[in-house]
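Student: This is the structure, below, for whatever I ask next.
The values are calculated or read from the model by the stated rules, or taken from the named source; none is laboratory data. All values derive from a computational prediction rather than experimental measurement. Heads up, the Cβs are rebuilt from the backbone with ideal geometry, glycines too, and the neighbour counts pull from every protein chain shown. Accessible surface is based on the protein model in full, side chains and every heavy atom, while ligands, DNA and RNA are left aside. Shrake-Rupley method; radii C 1.70, N 1.55, O 1.52, S 1.80 Å.
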Amino acid sequence: MTDMRVVFLGPPGAGKGTQTKFLEERYGACQVSTGDILRKAVRDHTPLGKKASEYLDKGELVPDDIMLNLVAERLRERDCEKGFILDGFPRTVAQAEGLEGILKDLGWGLDSVFCIQVPQGVIIRRLSGRRSCRKCGSLYHTVFNPPRREGFCDRCDGGLYQRQDDLEETIAARLRVFEKQTSPLVDFYRKRGLLKEINGVGSVEQIRSRVFQAVGEAAA
Ligand code: AMP
């Protein structure tokens with residue numbers, strides 16, 4: 001697929017970050033993870049980070065107007081001209097509608113929306129073992145995808161950490177937020193004929209091959 005312009009939907013822990021990184025490597029499209037952008041802003045103590053941190057800590061959504069401005073700016077950057085993979089955005093119907101306006105202004109449209117489906121029990125096991133690299137953002141799991149050296153990234157040797165919002169109380173809040181605010185997007189995109197559903201249960205490799213197959217079919 002050239003100039004891929006796609007969205008990845010799915011509950012927290014569905015594998016969106018892991019799988020969209022694979023797609024970025026394979027297709028050269030730019031992965032735009034709003035969660036990664038916000039976490040970096042919090043780490044760097046930027047004005048955006050200051051506004052966003054309380055929402056992130058509680059597992060709640062950052063307000064739509066902030067998110068829409070952030071994404072509108074990000075998609076205008078040069079690296080998105082060769083295509084983009086949105087990971088974690090949109091998360092509300094207002095964001096999805098706003099995204100349509102942003103893309104219209106840019107003269108683009110969405111090719112497909114992939115929804116990774118995973119039952120709740122699997123999500124909780126995945127999120128509680130998830131670890132991320134502080135330096136390059138690579139993702140690991142203590143049981144399902146451990147690094148070669150415990151606590152350190154295989155790719156860049158950066159230190160691994162557990163996200164604050166992957167603690168058990170916050171996971172429950174994030175799942176509630178997903179059900180209420182984000183799951184209506186499945187119908188929103190189904191009605192537009194863009195939705196492709198992917199079974200997100202299995203190993204990272206199994207899901208990767210399903211994702212590549214779905215993306216390949218969508219491009220054909
Ligand atoms: P993620 O890494 O996608 O799970 O996002 C982590 C956190 O960042 C979420 O729990 C929200 O607090 C915030 N966030 C990320 N993307 C969005 C979005 N599109 N809208 C609102 N909040 C977001």
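Student: Quick one: go through the stretch 103-139 and flag any residue whose amide nitrogen is under 15 Å from the point 7 Å out along the Cα-to-Cβ line of residue 81.
Tutor: Residues passing the 15 Å test: 106-108.
Student: Would you tally the net charge around residue 83, using a Cβ to Cβ cut-off of less than 15 Å, leaving residue 83 out, and scoring K and R as +1, D and E as -1?
Tutor: Values: positive: 5, 21, 26, 74, 76, 78, 82; negative: 3, 24, 25, 77, 79, 81, 87, 111.
In short, -1.
Student: Using only C-alpha positions, report the orientation-averaged shadow area of the convex hull of the chain, nm², one decimal. Working shown, then result.
Tutor: Values: hull surface 45.4 nm².
Value for the chain: 11.4 nm².
Student: Follow-up. How large a share of the accessible area of the stretch 44-173, in percent, is made up of carbon and sulfur atoms when the probe is 1.4 Å and the other protein chains stay in place?
Tutor: Numbers: 3380 of 6910 Å².
Here it works out to 49 percent.
Student: I've got another one for you. Ignoring ligands, DNA and RNA, what accessible area per residue does the stretch 97-220 give at 1.4 Å, in Å²? Can you show the working numbers first?
Tutor: Working: 6910 Å² over 124 residues.
For the stretch 97-220, the solvent-accessible area averages 56 Å² per residue.
Student: Once you place label points 7 Å from the Cα toward the Cβ at residue 44 and residue 191, how far apart are they in nm?
Tutor: Modelled inter-label distance: 3.7 nm.
Student: With 5 Å bins from zero, work out the P(r) of the stretch 107-189 over every alpha carbon pair and list the percent per bin.
Tutor: Calculated over all Cα pairs of the stretch 107-189, the distribution is 3, 13, 18, 17, 16, 15, 11, 6, 1, 0 percent.
Student: From zero up to wherever the largest Cα-Cα distance of the stretch 134-181 sits, split into 10 Å bins and tell me the percent of pairs in each.
Tutor: So the P(r) values, bin by bin, are 25, 39, 27, 9.
Student: Per the Kirkwood definition applied to all pairs of different Cα atoms, how many angstroms is the hydrodynamic radius of the stretch 56-175? Could the numbers behind the result be given before it?
Tutor: Working: mean 1/r = 0.0600 Å⁻¹.
Taking every pair of different Cα atoms in the stretch 56-175, averaging 1/r and inverting gives 16.7 Å.
Student: Now for a different question. Between the stretch 99-178 and the stretch 1-76, how far is it from one alpha carbon centroid to the other, in angstrom?
Tutor: Going from one Cα centre to the other spans 10 Å.
Student: Okay, next question. Pop a pseudo-label 7 angstrom from the Cα along the beta-carbon direction at both residue 105 and residue 58 and give the gap in nm to one decimal.
Tutor: 2.9 nm
Student: With only alpha-carbon pairs counted, each pair once and no self-pairs, how large is the Kirkwood hydrodynamic radius of the stretch 17-92 in angstroms? Could you put the intermediate results ahead of the total?
Tutor: Details: mean 1/r = 0.0769 Å⁻¹.
Evaluated on the stretch 17-92, it is 13.0 Å.
Student: Going Cα to Cα from residue 104, which lysines come in below 20 Å? Please leave out same-chain ones fewer than 8 positions away.
Tutor: 82, 191
Student: Would you mind telling me the antiparallel percentage of the DSSP bridges in the chain, rounded to 5?
Tutor: Working: 7 of 24 bridges.
DSSP beta bridges in the chain are roughly 30 percent antiparallel.
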